[in-house]
Amino acid sequence: MIVDHPDTAAWVAERFGWQTADPELGPQVPADQLVALATALRDELDFAYVVYCVAVHYPAEDEIQPKFKEGEEPPPVIPAKPDRCLVTYRVRRLGPGTTTFGFHLWVPTGETCPSLVDVWAGMDWQEREQYDLVGVVFDGHPDLRRIMMSEDWPGHPLRRDYAIDTRHHPWR
Amino acid sequence: MAVTPSPTPEPATQRVGGLELPVELLRPAWGDPYLDLDDYDAESDVMALNLGPQHPSTHGVLRVKLFMDGEVCVRAVPYLGYLHRGVEKLCEKLSYANVTPIVDKNDYVSPMMNELAINMTFEKLMGCEPPPRAQVIRTIVAELQRVASHLLWVGTFCLDIGGAIGGGASAFMHTFRERELILEIFEELTGCRFHYNHHTVGGQRHDIPAGWDTLVKQTLDHIERRTFEYEDMLTENPVFKARTIGVGVVDPKLAMACGVSGPVLRASGGDHDLRRDAPYAAYDRVDVDVQVRTEGDIYARYLLRLAELRESIRIVRCLIDDIPEGPICALKAVKLPGAVKPKPGFAYTAIESPRGELGTFVVAGPGKRGKGGPNPYRCKIRPPSYHVLSLLPYIAPGENLSDIIAILGSLDPIMGEADR
């Protein structure tokens, strides 16, 4: 059953109860609900076209105490953040008046992200690329191999802690 | 007498991805990209055949491992990365204004498109709007680039088919002769034949020289006359038709799921074009007549690209006489490299490149004292060729080896942007 819903963010807020803070990123999705949302987007809202899946690495941050003058009340401490990746997706409904819809989730390093290959076939290579370059492991991917770098390449080049002048053998 | 109710008529169209598609186009028979060859027919003699990476028909350095049962492919496994240059990592180290000449090299047969795509994203992050004159010049150079890119495709595709049309090299020479004229137009405008570095954040770097519009009009008249010669040479050529009609049919539903757009989707019946559906630059000033065919085979892709080429010529003719006066850049050019410091945020924009949706997703990172940083935090280029190649494991099984070469050529992948 396909419904014409002009405002997908409102549809998601009504159906799943997730609010959208940044319209470019879309709602934040719990990892266990990701496949359910993707299937609903494809089957009920007709988002049949894959635009991208991008992972962005954010290194661990220490606790920060913002500066303040003596005698003033200290501002609240910004809590420490673990090493994590932001995984963002975007899908599109084609044709006249085409719209895109994005959603995202946060994946701490060491945890896995559910794979969407079964929902959109095009997520296969997208997830392989993000696994290769950023190091996010997609759980349930049928063929999670490196795609850009060689099989024995050390590290994941698009992580922020991978220096751009990292030395490597010249024959790679 | 019992009256049997008349059966409800089968719907003639089905709605997929916002498009009404004829039901007969949706053929769910796709090859299995994850086929386990151990379970495959034990009697058959499956042979692994390596295609590429150094092979002229792979349009660059693509390697495909083909598992052949006799002359028929049962599984195709593409291997990418031979041209991986780390463009996205480099973008994180360069300032916003210095990214443009780097992304030029991604899709090296249509550099103007790469520049336009990434600068539109930076402009969205900056919240700046290019002046009308820049928007119209952008549209004109984008359409000229599309003409050049499709001309190159016709030539290289005839080379791929090879002996079928008298060696194929004559068509290649003809189209390269006409493409050279477009490169001369761009040389007049930017000083470079290739890798123009013409677009910048907020507009253009070069204003059009005196007499340029006359040159463009004369060249387009010439090229349009020549396209009819290609038609004479190829469209009714019985050998060309035998090699292309009914070969490499792409199901529009599969194309959408793989993220394939552009001529491949439109040749399969998908009526989608970002120039009409989500206008950018000056496309709201012209009516883009989107070409759609429903056969989905190689021949349909060929006819569609020729029709698109003529449509691009028409769009340029609509715009070239009516270029508005005014500045060509919204920012002061001298201060530019330091001036581009967008606030932290996320942005995605897409354009219709000759191969489909070319988009850029940019994360702007924080800089000093709460302001924007001088370079992108993460820059993802969404190339259409990468998605088109992911179609190969689905459509190659069941085809002959010689047809796989023709299919690969008809998809028009550019490895420079697929590998980045």
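Computed from the coordinates by the stated procedures, all read-outs in this text should not be read as laboratory data. Quantities reported herein were computed from a predicted structural model and do not represent experimental measurements. A quick note on method: Cβ atoms are made from the backbone with ideal geometry, for glycine too, and the neighbour counts reach across all protein chains shown.
Quick notes on this structure:
- Computed from Cα atoms, the angle from the helix B:401-411 axis to the main principal axis of chain B rounds to 30 degrees.
- By the rule of a C-alpha distance below 16 Å, with chain neighbours fewer than 8 residues away ignored, the aspartates and glutamates paired with B:Lys124 are A:Asp22, A:Glu24, B:Glu115.
- Residues considered: B:Pro238, B:Pro131, B:Pro53. Largest GNM mean-square fluctuation over chain B, using C-alpha springs under 10 Å, is found at B:Pro238.
- Peptide B:382-391 has a mean shielding of 3, counted as Cβ atoms of other protein chains within 10 Å of each residue's Cβ.
- Kirkwood hydrodynamic radius of segment B:181-221, Cα pairs, Å: 10.8 Å
- With a 10 Å cut-off around each Cβ of A:135-143, the average count of Cβ atoms from other chains is 1.
- Label-point separation, A:Arg167 to B:Glu325 (7 Å along Cα→Cβ), nm: 6.2 nm
- As a length-normalised measure over Cα pairs under 8 Å and 6 or more apart, the relative contact order of chain B settles at 26 percent.
- With at most 16 other Cβ atoms within 10 Å, longest stretch of chain B clear of loop GluC sites (Glu not before Pro) (DSSP): B:72-235
- Where labels lie 7 Å past Cα in the beta-carbon direction, separation of B:Ile245 and A:Thr109 in nm: 6.0 nm
- Spacing of the modelled spin labels on A:Gln65 and B:Ala210, each 7 Å from Cα toward Cβ, amounts to 7.0 nm.
- Relative to its residue count, chain B spans a Cα convex hull of 194 Å³ per residue.
- Positive end of the dipole of segment B:248-367 (Cβ unit charges, origin at the Cα centre): among B:Ser353, B:Tyr283, B:Leu331, the Cα lying farthest that way belongs to B:Leu331.
- What you get for chain B, charging only the Cβ of Lys and Arg (+1) and of Asp and Glu (-1), is a dipole of about 2320 debye around the Cα centre.
- 3J(HN,Hα) along segment B:291-305, derived from phi through the Karplus expression 6.51 cos²θ - 1.76 cosθ + 1.60 where θ = phi - 60°, amounts to 8, 9, 10, 10, 6, x, 9, 5, 4, 5, 5, 5, 4, 5, 5 Hz, with x in place of Gly and Pro.
- Between 0 and 90°, nearest 10: helix B:132-161 axis offset from chain B longest Cα axis: 30 degrees
- Couplings for segment B:205-214, taken from phi via the Karplus curve 6.51 cos²θ - 1.76 cosθ + 1.60 with θ = phi - 60°, read 9, 10, 7, 6, x, 5, x, 5, 5, 5 Hz in order; Gly and Pro are left as x.
- For segment B:178-204 and segment A:92-120, distance of Cα centres in Å: 36 Å
- By the Cβ rule of 4.7 Å, chain B holds the following cysteines without a possible disulfide partner: B:Cys73, B:Cys128, B:Cys158, B:Cys192, B:Cys258, B:Cys318, B:Cys329.
- DSSP beta bridges confined to chain A are antiparallel in about 90 percent of cases.
- For chain A: rounded, prolate or oblate by the Cα gyration tensor [a/c cutoff 1.5]: oblate
- Relative to the longest principal axis of the Cα atoms of chain B, helix B:169-190 runs at roughly 20 degrees.
- Counting, for every residue in B:76-86, the Cβ atoms of other protein chains within 10 Å of its Cβ and taking the mean gives 3.
- Fluctuation leader among B:Tyr230, B:Tyr386, B:Tyr302 - chain B, Gaussian network, Cα springs under 10 angstrom: B:Tyr230
- In the elastic network of chain B, a GNM with C-alpha springs shorter than 10 Å, the most mobile of B:Asn106, B:Asn375, B:Asn114 is B:Asn375.
- Computed over segment B:125-205, Cα set: Rg, Dmax in Å: 16.5, 54
- Simple Cβ-charge dipole of the protein assembly as shown, Lys/Arg +1 and Asp/Glu -1, about Cα centre, in debye nearest 20: 2120 debye
- Convex hull of Cα atoms in the protein assembly as shown, direction-averaged projection (nm²): 34.7 nm²
- In segment B:281-420, lysine pairs with alpha-carbon atoms under 22 angstrom apart (chain gap of 8 or more, or interchain): 12
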